[in-house]
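*Asks:* Just passing along the structure, written as structure tokens.
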Amino acid sequence: QVQLVESGGGLVQPGGSLRLSCAASGRIFSIGEMGWYRQAPGKQRELVAIIGSGGSTNYADSVKGRFTISRDNAKNTVYLQMDSLKPEDTAIYYCNVGVHGRPYWGKGTLVTVSS
């Protein structure tokens, strides 16, 4: 069984920063792609950023230049550094981790950008 625990969400003013973390635990021998998705009220879940096992990254156009995804393979953890946050970044953020070829989802962490 694999568990994902997200942390780092909260309330931040426009222009501020937050750092999300997602740690995978359980019987894990290899982790593939890791990523972050988000779902705003009334909208579908969308990809924010992904990082491959070799470190290659891909970002949604809406966050390029503002968000940075990274991973620590020794800790089975993926991070999302979010800078220059905008009200439209408000959403529940979910991590997604590929373990032994199967995707696992975290329960989500709420990010609210408001003055």
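The values are calculated or read from the model by the stated rules, or taken from the named source; none is laboratory data. For clarity, every value in this text was computed on a predicted model and none was experimentally measured. For neighbour counting, all protein chains shown are included, and Cβ atoms are generated from backbone atoms with ideal geometry for every residue, glycine included. Side chains are part of the model used for accessible areas, which takes the heavy atoms of the whole protein and leaves out ligands, DNA and RNA. Shrake-Rupley method; radii C 1.70, N 1.55, O 1.52, S 1.80 Å.
*Asks:* Tell me the strands (runs of 3 or more DSSP E) entirely within region 57-115 that contain at least 2 residues that are over 14 Å from Ser7 (Cβ atoms) and touching a residue at least 40 places away in the same chain (Cβ under 8 Å). Full working, then the answer.
*Replies:* On the way: elements: 57-59, 67-72, 77-82, 91-99, 102-105, 109-113.
Of the strands (runs of 3 or more DSSP E) lying wholly inside region 57-115, those with at least 2 residues that are over 14 Å from Ser7 (Cβ atoms) and touching a residue at least 40 places away in the same chain (Cβ under 8 Å) span 91-99, 102-105, 109-113.
*Asks:* Checking the structure you have, find out if any residue of region 33-49 is touching a residue at least 12 places away in the same chain (Cβ under 8 Å) and at positive phi.
*Replies:* No, region 33-49 contains no residue that is touching a residue at least 12 places away in the same chain (Cβ under 8 Å) and at positive phi.
*Asks:* Can you tell me which residues in region 20-56 are more than 22 Å from Gly10 (Cβ to Cβ), in contact with an Asp or Glu (Cβ under 9 Å, 6 or more places away or on another chain) and not in a strand (DSSP E or B)?
*Replies:* Within region 20-56, Gly52, Ser53 qualify.
*Asks:* Only one of (1) open to solvent by 40 Å² or more (accessible area, probe 1.4 Å); (2) farther than 13 Å from Gln39 by Cα; (3) not β-branched (Val, Ile, Thr) is not met by Leu110, so which one is it?
*Replies:* Every condition holds for Leu110 apart from (2).
*Asks:* Tell me which residues, restricted to region 1-11, are under 12 Å from the mean Cα position of the chain (by Cα), in a strand (DSSP E or B) and not polar (S, T, N, Q). Working first, answer last.
*Replies:* Applying the first criterion (under 12 Å from the mean Cα position of the chain (by Cα)) to region 1-11 yields 4-9.
Those still in the list that are in a strand (DSSP E or B) too: 4-7.
Passing the criteria: Leu4, Val5, Glu6.
*Asks:* Let me ask something else. Give the residue that is nearest to Pro87 (Cα to Cα), with candidates limited to residues of region 39-53 that are surrounded by 13 or more Cβ atoms within 10 Å (Cβ to Cβ) and polar (S, T, N, Q).
*Replies:* Only one residue fits best here, namely Gln39.
*Asks:* While we're here: Give the number of residues within region 24-75 that are of a type outside the set (Ser, Thr, Tyr) and in contact with a Cys (Cβ under 9 Å, 6 or more places away or on another chain).
*Replies:* Of the residues in region 24-75, 4 are of a type outside the set (Ser, Thr, Tyr) and in contact with a Cys (Cβ under 9 Å, 6 or more places away or on another chain).
*Asks:* Could you say whether any residue in region 59-78 is closer than 29 Å to Ser115 by Cα and touching a Gly at 6+ places or on another chain (Cβ under 6 Å)? Can you show your working first?
*Replies:* Step one: of region 59-78, the residues closer than 29 Å to Ser115 by Cα are 59-70, 78.
Filter once more, keeping what is touching a Gly at 6+ places or on another chain (Cβ under 6 Å): none.
No, every residue in region 59-78 fails to be closer than 29 Å to Ser115 by Cα and touching a Gly at 6+ places or on another chain (Cβ under 6 Å).
*Asks:* Name the single residue that is farthest from Tyr93 (Cα to Cα) among those in region 12-47 being of a type in the set (Val, Ile, Thr) and within 17 Å of the chain's Cα centre (by Cα). Give the derivation first.
*Replies:* Here is the first cut: in region 12-47, the ones of a type in the set (Val, Ile, Thr) are 12, 28, 31.
Now restrict to residues that are within 17 Å of the chain's Cα centre (by Cα): 12, 31.
Values: Val12: 14, Ile31: 20 Å.
Filtering first and then ranking leaves Ile31.
*Asks:* Looking at (1) closer than 16 Å to Pro103 by Cβ; (2) open to solvent by less than 30 Å² (accessible area, probe 1.4 Å), which is the one condition that is false for Val12?
*Replies:* Val12 satisfies all of (1) closer than 16 Å to Pro103 by Cβ; (2) open to solvent by less than 30 Å² (accessible area, probe 1.4 Å) except (1).
*Asks:* Please state which one of Tyr59, Tyr94, Tyr104 is farther than 18 Å from Arg19 by Cβ, open to solvent by less than 70 Å² (accessible area, probe 1.4 Å), modelled with pLDDT of 95 or more and among the aromatic types (Phe, Trp, Tyr).
*Replies:* When all the criteria are applied, what remains is Tyr104.
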